[in-house]
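Structure first, then comments.
The values are calculated or read from the model by the stated rules, or taken from the named source; none is laboratory data. Fair warning: this is a prediction, and the values are worked out from it, not measured in the lab. Virtual Cβ from ideal backbone geometry, glycine too; neighbours counted across all protein chains shown. The accessibility values were calculated without ligands, DNA or RNA, using every heavy atom of the protein model including side chains. Shrake-Rupley method; radii C 1.70, N 1.55, O 1.52, S 1.80 Å.
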2 protein chains.
Amino acid sequence: MKREVIVAITSENIYQLPYSINTMAVDWAQRDLERPEGTKNYLLIQCLSGYGKIHFGDKRFSIEPGDVFIWKPDAEQYYYDSGNESWCVNWISFNCIGLPIYMEESFYVSKDCPISLGLSMFDTIKKRIQEETVEGHIQAAVALFSFLSEIYICDRQAINKVDGFDITLVSDYMKQNLTKQLTLDGLSEVFHFSESYLCRLFNRVYHRTPIQYFIELKIDKAKRLLLSDGEEKIRDIAKQCGYEDQVYFARVFKKYVGMSPSIYRKSQVQ
Amino acid sequence: MKREVIVAITSENIYQLPYSINTMAVDWAQRDLERPEGTKNYLLIQCLSGYGKIHFGDKRFSIEPGDVFIWKPDAEQYYYDSGNESWCVNWISFNCIGLPIYMEESFYVSKDCPISLGLSMFDTIKKRIQEETVEGHIQAAVALFSFLSEIYICDRQAINKVDGFDITLVSDYMKQNLTKQLTLDGLSEVFHFSESYLCRLFNRVYHRTPIQYFIELKIDKAKRLLLSDGEEKIRDIAKQCGYEDQVYFARVFKKYVGMSPSIYRKSQVQ
């Protein structure tokens with residue numbers, strides 16, 4: 001047997017799930033595939049053994065065991081084995097309602113997903129679907145969402161490391177110093193990097209300068225304080241975010257949030 | 001302290017989550033509330049202690065500890081304590097992208113959710129949000145989706161029981177007999193119910209007659225067989241679904257699915 005396909009079908013369409021699985025399979029000898037038109041559903045594949053390659057537009061990706069790749073509907077699909085040995089994959093064809101998460105691109109590849117994570121997700125979903133109940137389908141959707149979240153988190157943790165340095169050390173330091181006014185100069189001294197290297201790091205990971213990022217952390221803290229205690233004076237909140245001058249704080253807040261602190265507080269009341 | 005509010009804020013809006021939490025809180029003494037305009041987000045509340053009541057349109061709901069209720073955005077919100085003692089609730093304000101799941105109505109109440117399920121979900125989400133990281137927010141979204149699914153499953157299991165009888169016993173019996181042609185008469189004999197009572201049961205839970213439901217189970221099986229082995233003859237698939245006459249099977253299939261078995265098979269190929 002080269003292939004085992006599990007078809008997820010339920011006649012009860014009385015509910016709307018954010019994810020629903022159509023078919024899934026393990027392919028013990030994945031053949032080469034060229035689908036310029038793509039498929040009408042999302043397609044998620046995890047390579048279990050062997051090596052392959054994927055072409056997407058001008059890009060070439062080498063696929064190793066563990067790697068996960070996802071195509072959006074109608075995105076071109078080209079994948080090939082390495083020529084030496086056949087490869088074995090698990091795949092799931094699924095739908096999303098609403099906007100698709102995480103993946104802004106038509107093709108998403110994750111190089112940092114442990115193979116065991118995918119195997120356990122496929123196993124859970126397979127069992128749930130084979131129950132052939134609505135409950136089983138709902139639980140399969142939860143398992144798929146959970147898996148998509150896990151691979152995204154794995155990727156983010158990999159992205160946070162630039163040249164072996166974990167940039168969250170800097171952002172954690174910032175979070176501990178929100179009552180202060182940190183400078184680029186001060187940060188570069190603490191972390192023994194040049195100012196320009198620090199800027200490059202932040203730009204690569206957060207698409208912002210270190211100081212922009214620091215101010216946004218302060219604004220986040222201010223938002224939390226404004227909402228969690230509706231009575232606290234804005235002057236005191238400003239101080240807790242490192243702004244002695246309440247008027248200046250209000251100006252910065254408005255620049256980032258689009259409204260003054262007091263209007264923000266009123267607008268968000270539950 | 002009467003209230004502890006946790007505000008979920010992250011400045012990184014680079015991802016789209018199917019669920020995202022805005023604020024959550026435990027209210028030790030929930031006051032009466034009248035919001036004819038509702039709130040701009042989804043609002044989920046679980047009663048932890050005390051008794052309350054909710055008005056929604058013409059309907060009145062008595063609220064006991066454990067009960068969960070959810071309002072869609074802009075749906076009128078009226079709730080009151082029982083008059084004798086104050087009540088304590090957990091609440092979460094959240095957004096959904098895409099279509100909301102499960103709840104076709106603007107107001108959804110679940111009477112069958114174990115109190116511990118809600119408490120553990122609130123606790124997980126609270127911890128995740130307080131991490132103040134993107135990863136934490138994603139995991140909070142997974143926990144919320146998982147909880148919404150669990151309460152829906154609890155409710156379905158309660159709905160399946162009518163007058164103390166679990167209707168899934170009948171649907172399981174049908175699933176074991178898909179190669180046969182069951183009749184209403186035969187079913188009523190097996191389960192010692194009158195035919196008309198059996199019809200009422202099925203109409204209440206599945207909004208179909210028992211025989212319609214049975215045919216849909218056969219069609220589901222046929223769909224699975226058509227897709228999981230692209231080579232199997234349609235005549236043989238018909239037989240496995242209890243249809244000796246392939247032409248008659250194709251007619252029934254087309255009536256339920258909107259296309260012939262062979263066109264369905266081609267249309268679904270991944």
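Looking only at the stretch A:225-246, which residues are more than 22 Å from B:GLU132 (Cβ to Cβ) and either open to solvent by 100 Å² or more (accessible area, probe 1.4 Å) or in contact with a Phe, Trp or Tyr (Cβ under 7 Å, 6 or more places away or on another chain) (or both)? Within the stretch A:225-246, A:GLU231, A:LYS233, A:ARG235, A:GLU244 meet the criteria.
Scanning the stretch B:247-261 for residues that are surrounded by fewer than 18 Cβ atoms within 10 Å (Cβ to Cβ) and among the aromatic types (Phe, Trp, Tyr) returns B:TYR248, B:TYR256.
Return the only residue of B:SER188, B:SER93, B:SER171 being in a helix (DSSP H, G or I), of a type in the set (Ser, Thr, Tyr) and within 10 Å of another protein chain (Cβ to nearest Cβ).
B:SER171
The set of residues in the stretch B:22-48 being in a loop (DSSP other than H, G, I, E, B), of a type in the set (Asp, Glu) and at pLDDT 85 or above consists of B:GLU37 alone.
Among the residues of the stretch B:39-73, the one identified as in contact (Cβ under 8 Å) with a residue 60 or more places away in the chain and open to solvent by 10 Å² or more (accessible area, probe 1.4 Å) is B:LEU48. Within the stretch A:133-147, being under 20 Å from B:ALA143 (Cβ atoms), of a type in the set (A, V, I, L, M, F, W, C) and at the interface with chain B (Cβ under 9 Å from one of its Cβ atoms) holds for A:ILE138, A:ALA141, A:VAL142, A:PHE145. Filtered by the rule that a residue be of a type in the set (Val, Ile, Thr) and either in a helix (DSSP H, G or I) or not assigned by the TED database to the domain that holds A:LYS254 (or both), the stretch A:200-217 gives A:VAL205, A:ILE211, A:ILE215.
Number of residues in the stretch A:247-270 that are outside any loop (DSSP other than H, G, I, E, B), under 22 Å from B:GLU132 (Cα atoms) and of a type in the set (A, V, I, L, M): the value is 2. The listed residues are A:GLU105, A:GLU85, and the only one of them that is surrounded by fewer than 20 Cβ atoms within 10 Å (Cβ to Cβ) and touching a Gly at 6+ places or on another chain (Cβ under 7 Å) turns out to be A:GLU85.
In the set A:ASP185, A:ASP220, A:ASP163, A:ASP172, which member is among the acidic types (Asp, Glu) and open to solvent by less than 30 Å² (accessible area, probe 1.4 Å)? Residue meeting the stated conditions: A:ASP220.
Of the residues A:TYR197, A:TYR264, the single one that is assigned by the TED database to the domain that holds A:GLN181, open to solvent by less than 60 Å² (accessible area, probe 1.4 Å) and in contact (Cβ under 8 Å) with a residue 12 or more places away in the chain is A:TYR264.
The rows are residues; the columns are (1) under 28 Å from B:ILE129 (Cα atoms); (2) among the basic types (Lys, Arg).
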| site | (1), (2) |
| --- | --- |
| B:PRO18 | yes, no |
| B:ALA29 | yes, no |
| B:ARG35 | yes, yes |
| B:THR39 | yes, no |
| B:CYS47 | yes, no |
| B:TYR51 | no, no |
| B:ASP58 | no, no |
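Filtering the stretch B:175-194 for residues that are out of contact with any Leu (no Cβ under 9 Å at 6 or more places or on another chain), under 22 Å from B:ASP67 (Cβ atoms) and of a type in the set (S, T, N, Q) leaves an empty set.
Kindly establish whether B:ALA158 is in contact with a Lys or Arg (Cβ under 7 Å, 6 or more places away or on another chain) and either open to solvent by 30 Å² or more (accessible area, probe 1.4 Å) or within 11 Å of chain A (Cβ to nearest Cβ) (or both). For B:ALA158, the condition - in contact with a Lys or Arg (Cβ under 7 Å, 6 or more places away or on another chain) and either open to solvent by 30 Å² or more (accessible area, probe 1.4 Å) or within 11 Å of chain A (Cβ to nearest Cβ) (or both) - is not met. Determine whether the stretch B:108-118 contains at least one residue that is farther than 24 Å from B:PHE56 by Cα, at pLDDT 85 or above and under 17 Å from the mean Cα position of the chain (by Cα). Looking through the stretch B:108-118, at least one residue is farther than 24 Å from B:PHE56 by Cα, at pLDDT 85 or above and under 17 Å from the mean Cα position of the chain (by Cα). Screening the stretch A:13-41 for residues that are farther than 24 Å from B:LEU225 by Cβ and of a type in the set (Phe, Trp, Tyr) and picking the one that is nearest to the chain's Cα centre (by Cα) gives A:TYR19. Of the residues A:TYR15, A:TYR102, A:TYR51, only one is touching a Leu at 6+ places or on another chain (Cβ under 9 Å), modelled with pLDDT under 90 and either of a type outside the set (Gly, Ala, Ser) or under 30 Å from A:ILE138 (Cα atoms) (or both); which? Every option except A:TYR102 fails the conditions. What number goes with the only condition from (1) under 30 Å from B:GLY50 (Cα atoms); (2) buried (at least 18 other Cβ atoms within 10 Å of the Cβ); (3) within 14 Å of chain A (Cβ to nearest Cβ) that B:GLN130 does not pass? That leaves (2) as the condition not met.
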